[in-house]
Amino acid sequence: MTKPRFDVLCIGNAIVDVIADTTDGFLSHQGLHKGSMRLIDQEEAVRLYEAMGPGREISGGSAGNTAAGLAALGLDAAFIGQVANDQLGEIYRHDIEAQGIAFLVDPRGDVGATARSLILVTPDAQRTMNTFLGAAQLLEKGSVDLAAVADSGIIYLEGYLWDPAEPRAAMEAAIEAAHAAGRKVAFTLSDTFCVDRHRDSFWQLLRDGKIDILFANEAEAASMTMVNDIEEAIPALSAYVQTLVVTRSEDGATAVRGGERADVPAEPIERLVDTTGAGDLFAAGFLAGEARGLGLKASLRLGAIAAAEVIQHYGARPEADLKALAEDVLA
């Protein structure tokens, strides 16, 4: 097989994050469930934005964050996601391309406003996400560069994008193109509420052999399998996927492939600031290891290093030199 043009191509929601500190009392007053992600319409996005405190605008979106982590680790990354032809769309495109990531979809003027996520961070560093999908949910099948998909070692898909019908069709086409070219398909379950909405179709993807690498945190794995014991959930999921990766917060992470299992502890940190993007950056580290053939344990360690960096500052994209932090693993 020829060497791919891109190590990893990420497909997901192109979202600008607006991050603000808040209190448990504000969440309660707004009727928000701490730690959750909910979808909101444009009217609610305007109302909540006016009610919340001052925010910092940072390009985000789950798969976009993962692409940023991959680029920071020195990999050739690409991103597919839809933005509008507006100011936030231009900010998003600039942020992606400034990191050396190939942005493979043109902005459109007929898709409303670029997506934004209003992220409220409580003092315990938990983030509560209120997402207006806007243009992101209008990614069309025809906008996916299937030649680029076929020329990528791994494609990485975010479960959040499974909600709207058009992007779901786009991802299904990408899965077919990737497998036809002998490439790997990675998928993240994204959120327990996402799993609750799409459990049956996610299981269908696994049973049909559409997913080669599955990412889940403990809560998502429990939701998928309908069991609370993670040691029971892991084999129930790993039976249907080549590689299963389960993140376990302060307890580290686990990966299973065939008869092999690897576990790594969480990396030590100085101060927990904001958990936004922890799973996204973990995926970046693991996929970087996979793309370089480093094996389960080293790939998990890369994920833990990347996740530890991002939770020590605001925003879901790396600020420190990830290549330097991971030098001993990448060597």
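The values are calculated or read from the model by the stated rules, or taken from the named source; none is laboratory data. It should be emphasised that the depicted structure is a prediction, and the values quoted were computed from it without experimental measurement. Reconstructed Cβ throughout: ideal geometry from the backbone, glycine too, with neighbour counts over all protein chains shown. We work out accessible area using only protein heavy atoms, side chains counted, and drop any ligands, DNA or RNA first. Shrake-Rupley method; radii C 1.70, N 1.55, O 1.52, S 1.80 Å.
For the chain, modelled as a GNM whose springs connect Cα atoms under 10 angstrom apart, the maximal fluctuation among 171, 129, 226 occurs at 226. Expressed as a whole percent, the accessible area of the chain that falls on carbon and sulfur atoms is 48 (1.4 Å probe). Among 93-100, 284-291, 237-244, sorting by the average number of other beta carbon atoms lying within 10 angstrom of each residue, highest first, gives 284-291, 237-244, 93-100.
Note on the chain: with a GNM built from Cα contacts shorter than 10 Å, the maximum mean-square fluctuation among 320, 233, 222 falls on 320. Just the number, please: Stokes-Einstein D of the chain in µm²/s, Kirkwood Rh from C-alpha pairs, 10 °C, 1.306 mPa s. Estimated via Stokes-Einstein, D reaches 81 µm²/s. Available extension along the chain between residue 312 and residue 21 is 103.3 nm, counting 0.36 nm per residue and deducting the alpha carbon span. In this rough spin-label picture, where each label sits 7 Å from Cα along the Cβ direction, the residue 141-residue 260 distance is 3.7 nm. When you filter the trypsin sites (Lys or Arg not before Pro) in region 237-307 for DSSP loop state and at most 16 other Cβ atoms inside 10 Å of their Cβ, you are left with 248, 271.
Protein heavy-atom accessible surface, 1.4 Å probe, per residue over the chain: 40 Å².
From Cα pairs below 8 angstrom and at least 6 apart in sequence, can you work out the relative contact order of region 91-231, rounded to a whole percent?
Relative contact order, region 91-231: 17 percent.
Please tell me which of these pairs span more than 23 angstrom C-alpha to C-alpha: 297/323; 3/141; 34/184? Beyond 23 Å: 3/141; 34/184. Among 89, 64, 53, the residue with the largest mean-square fluctuation in a Gaussian network model of the chain, with springs joining Cα atoms closer than 10 Å, is 53. Taking every alpha-carbon pair under 8 Å whose residues sit at least 6 apart, region 23-127 reaches a relative contact order of 29 percent.
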